[in-house]
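The values are calculated or read from the model by the stated rules, or taken from the named source; none is laboratory data. Worth saying up front: this structure is predicted, and the values here are computed from it rather than measured. Neighbour counts are summed over all protein chains in view; Cβ atoms, including those assigned to glycine, are modelled from backbone coordinates with ideal geometry. All accessible areas refer to the heavy atoms of the entire protein, side chains included, with ligands and DNA or RNA removed. Shrake-Rupley method; radii C 1.70, N 1.55, O 1.52, S 1.80 Å.
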Amino acid sequence: MRVHLQYGRDGLDVDLPDGARVIEPAFVDGLADEASAFTAAVRDPIGGGRPLRDCVGAGETVAIVIPDITRPLPSDRLLRWIFAELSHVAPERIVIVNGTGSHRGNTPAELASMVGADVLARHRVVNHDAHDPATMALAGKTSDGHPVYLNAHYVRADRRIALGFIEPHFMAGFSGGYKGVFPAVADIASIMRYHDARTIGHPRSTWGVLDGNPTQAQIRHNGALLPVDFLVNLTLNRRRQITRFFCGDALAAHAAGCAFAKETAMVACERPYPIVVTTNSGYPLDQNLYQTVKGMHAAMQIVADGGFILAASRCNDGFPSHGNFKKLLFDHASPRALLDTITAPGFSMFDQWEAQLLAIIALRARVGLYSELTEGDVRRAHLEPVADVAGRLHAEIARRGGAGVPIAVLPEGPQTIPYVRDGGESGAHV
């Protein structure tokens with residue numbers, strides 16, 4: 001059977017054994033008229049608040065937070081529709097904050113591709129920089145009393161609008177909601193506390209879980225330190241078409257969107273699989289190894305202990321270059337040594353969270369990676385370089401006794417989150 005894997009911009013066609021289980025989200029058609037659906041959603045907001053156009057007065061300033069380039073949100077379309085609703089607000093009163101979290105800032109060319117060249121020329125667009133205290137302002141304190149600084153443009157605005165894309169998330173349960181604020185425009189110290197080893201290692205910091213999730217609890221507390229006057233969230237299908245809008249109150253709209261995403265993007269399996277093929281959903285999500293941990297973690301939910309995960313992710317932007325992710329991987333001789341360092345009392349290093357999860361995955365299963373990274377770099381990251389997806393897959397099948405070995409395939413990577421239904425033999429449960 002031939003399966004199209006989401007890889008880079010063009011995808012990758014691979015011949016797989018007949019009988020392999022292809023696990024994809026339920027396909028939801030894109031909205032017939034996205035602009036009209038947006039207008040209806042923001043004029044009748046979830047949670048019963050004011051319509052978007054009534055949330056900002058003509059004399060007020062507004063900060064609009066968008067996700068960075070690693071997220072597939074169609075910010076260019078959304079911003080034009082938002083500006084149509086806020087036509088009474090002068091462009092100079094609006095600032096668009098690129099919510100990078102701890103990621104690198106985006107280049108002018110990237111920003112133009114994200115928001116549209118006309119929007120970039122007409123409106124102020126700023127990259128958030130979590131490492132620059134001069135660009136921050138105090139927003140409040142964490143639940144245990146630590147200060148939280150957020151981007152000063154966001155803090156000082158009269159009104160705040162957060163944009164986001166809802167999908168299952170490997171730490172927060174689901175993306176979207178207050179995650180468009182925290183950690184998107186937070187200071188690095190707050191991000192470090194949010195991503196500490198105990199929180200990341202908590203069993204409820206995982207896909208599809210909101211209640212009792214300590215990661216989501218921090219997102220909601222810290223993100224709500226200042227009012228989010230209006231939330232614009234949406235879901236997408238594999239064609240990057242908008243399928244639904246969830247707009248209005250930050251908690252109510254997000255809850256509605258998460259319920260929809262869980263229904264369409266999470267798939268129950270009766271058993272774990274010795275071999276799981278996955279991706280990181282193609283561009284823009286598979287540009288580096290740091291993001292690719294998500295696709296691997298999705299596969300881990302149904303891989304048998306000691307099984308094999310084969311990930312196809314382009315990683316054309318490397319590890320990436322910012323932060324300590326690469327250093328943590330390269331400085332340790334094994335996944336166990338890496339995990340022992342990160343979970344040691346008092347240890348704290350930027351990017352440790354992604355390295356922690358990669359180590360957990362590599363201790364559950366062997367992981368092969370088809371990418372543009374060099375073989376040496378892949379091995380130093382505690383993964384196996386793969387030069388040919390089909391060839392490596394068939395070699396693994398032969399290693400396990402030949403035809404008939406159960407195989408699962410996630411062509412869209414973390415756009416679909418499988419889980420072993422209660423009563424399965426082993427593997428992760430949701």
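Being surrounded by fewer than 17 Cβ atoms within 10 Å (Cβ to Cβ) and among the charged types (D, E, K, R) is the filter here; which residues of the range 239-261 pass it?
Arg239, Arg240
So, of the residues in the range 405-417 that are in contact with a helix residue (DSSP H, G or I) (Cβ under 7 Å, 6 or more places away or on another chain) and either open to solvent by less than 20 Å² (accessible area, probe 1.4 Å) or of a type in the set (Ser, Thr, Tyr) (or both), which turns out to be modelled with the highest pLDDT?
Leu410
For the range 199-231, which positions are without any contact (Cβ under 8 Å) to a residue 60 or more places away in the chain and of a type in the set (D, E, K, R)?
Result: Arg204, Asp211, Arg220.
Could you check the range 154-172 and list, in sequence order, the residues that are at pLDDT below 95 and not in a loop (DSSP other than H, G, I, E, B)?
Result: Phe165, Pro168, His169.
Need pairs with beta-carbon distance below 8 Å; first residue more than 17 Å from Ala172 (Cβ to Cβ) and outside any helix (DSSP H, G or I) and within the range 351-374, second open to solvent by 30 Å² or more (accessible area, probe 1.4 Å) and of a type in the set (Asp, Glu); sequence gap 6+ or separate chains.
Matching pairs, first to second residue: Ala365/Asp305; Arg366/Glu384; Val367/Glu384; Gly368/Glu384; Leu369/Glu384; Tyr370/Asp388.
Tell me which residues, restricted to the range 388-404, are open to solvent by 30 Å² or more (accessible area, probe 1.4 Å) and either assigned to a loop (DSSP other than H, G, I, E, B) or not charged (D, E, K, R) (or both). Walk me through how you get there before you give the answer.
If we filter the range 388-404 for residues that are open to solvent by 30 Å² or more (accessible area, probe 1.4 Å), which is where we start, we get 388, 391-392, 394-395, 398-401, 403-404.
Matches in the range 388-404: Asp388, Gly391, His394, Ala395, Ala398, Arg400, Gly401, Ala403, Gly404.
Can you find a residue in the range 305-316 that is part of a helix (DSSP H, G or I) and buried (at least 22 other Cβ atoms within 10 Å of the Cβ)? Spell out how you get there, then give the answer.
Initial filter on the range 305-316 (part of a helix (DSSP H, G or I)): none.
Checked against the condition, which is being part of a helix (DSSP H, G or I) and buried (at least 22 other Cβ atoms within 10 Å of the Cβ), the range 305-316 yields no hits at all.
State whether the residues of the range 97-118 include one that is within 21 Å of Gly176 (Cα to Cα), part of a loop (DSSP other than H, G, I, E, B) and modelled with pLDDT of 95 or more.
no
I'd like the full set of residues that are surrounded by fewer than 15 Cβ atoms within 10 Å (Cβ to Cβ) and either without any contact (Cβ under 8 Å) to a residue 24 or more places away in the chain or not in a loop (DSSP other than H, G, I, E, B) (or both), limited to the range 333-350.
Matches in the range 333-350: Ala333, Arg336, Ala337, Asp340, Ala344, Pro345, Gly346.
Residue check: is Val430 outside any helix (DSSP H, G or I), under 29 Å from Pro284 (Cβ atoms), at pLDDT below 95 and touching a strand residue (DSSP E or B) at 6+ places or on another chain (Cβ under 8 Å)?
Numbers: outside any helix (DSSP H, G or I): yes; under 29 Å from Pro284 (Cβ atoms): yes; at pLDDT below 95: yes; touching a strand residue (DSSP E or B) at 6+ places or on another chain (Cβ under 8 Å): yes.
Taking the combined requirement at face value, the residue satisfies it.
Quick check on the range 29-36. Is at least one of its residues in contact (Cβ under 8 Å) with a residue 24 or more places away in the chain, open to solvent by 50 Å² or more (accessible area, probe 1.4 Å) and among the charged types (D, E, K, R)?
yes
So which residues in the range 246-270 are closer than 29 Å to Ser371 by Cα and in contact with a strand residue (DSSP E or B) (Cβ under 7 Å, 6 or more places away or on another chain), if there are any at all?
From the range 246-270, those closer than 29 Å to Ser371 by Cα are 261, 264-269; that's our starting set.
Result: Ala261, Ala265, Met266, Val267, Ala268, Cys269.
For the subset of the range 262-287 comprising residues that are touching a Phe, Trp or Tyr at 6+ places or on another chain (Cβ under 9 Å) and open to solvent by 10 Å² or more (accessible area, probe 1.4 Å), which member is nearest to Gly176 (Cα to Cα)?
Among them, the one singled out is Lys262.
Kindly indicate which of Thr235, Thr243, Thr278 is within 13 Å of Ala298 (Cα to Cα) and in contact with a strand residue (DSSP E or B) (Cβ under 6 Å, 6 or more places away or on another chain).
Going through Thr235, Thr243, Thr278 in turn, just one is within 13 Å of Ala298 (Cα to Cα) and in contact with a strand residue (DSSP E or B) (Cβ under 6 Å, 6 or more places away or on another chain): Thr278.
Report yes if some residue within the range 132-139 is out of contact with any Lys or Arg (no Cβ under 8 Å at 6 or more places or on another chain), in a loop (DSSP other than H, G, I, E, B) and open to solvent by less than 20 Å² (accessible area, probe 1.4 Å); otherwise report no.
No - not one qualifying residue is present in the range 132-139.
Count, please, the residues in the range 211-229 that happen to be of a type in the set (A, V, I, L, M, F, W, C) and not in a helix (DSSP H, G or I).
Start the filter on the range 211-229 by keeping residues that are of a type in the set (A, V, I, L, M, F, W, C), which leaves 217, 219, 224-226, 228.
This time we only want the ones that are not in a helix (DSSP H, G or I), so: 224-226, 228.
Selection size over the range 211-229: 4.
Kindly list the number of the only condition in (1) at pLDDT 95 or above; (2) in a loop (DSSP other than H, G, I, E, B); (3) in contact with a Pro (Cβ under 8 Å, 6 or more places away or on another chain) that fails for Trp207.
(1)
Kindly list, by first and then second residue, each pair from a residue in the range 72-87 that is under 18 Å from Glu60 (Cα atoms) and open to solvent by 10 Å² or more (accessible area, probe 1.4 Å) to a residue that is of a type in the set (Lys, Arg) and modelled with pLDDT of 95 or more, limited to pairs with Cβ atoms under 7 Å and residues at least 6 apart or on different chains.
That search, which allows pairs on different chains as well, returns Glu85/Arg53.
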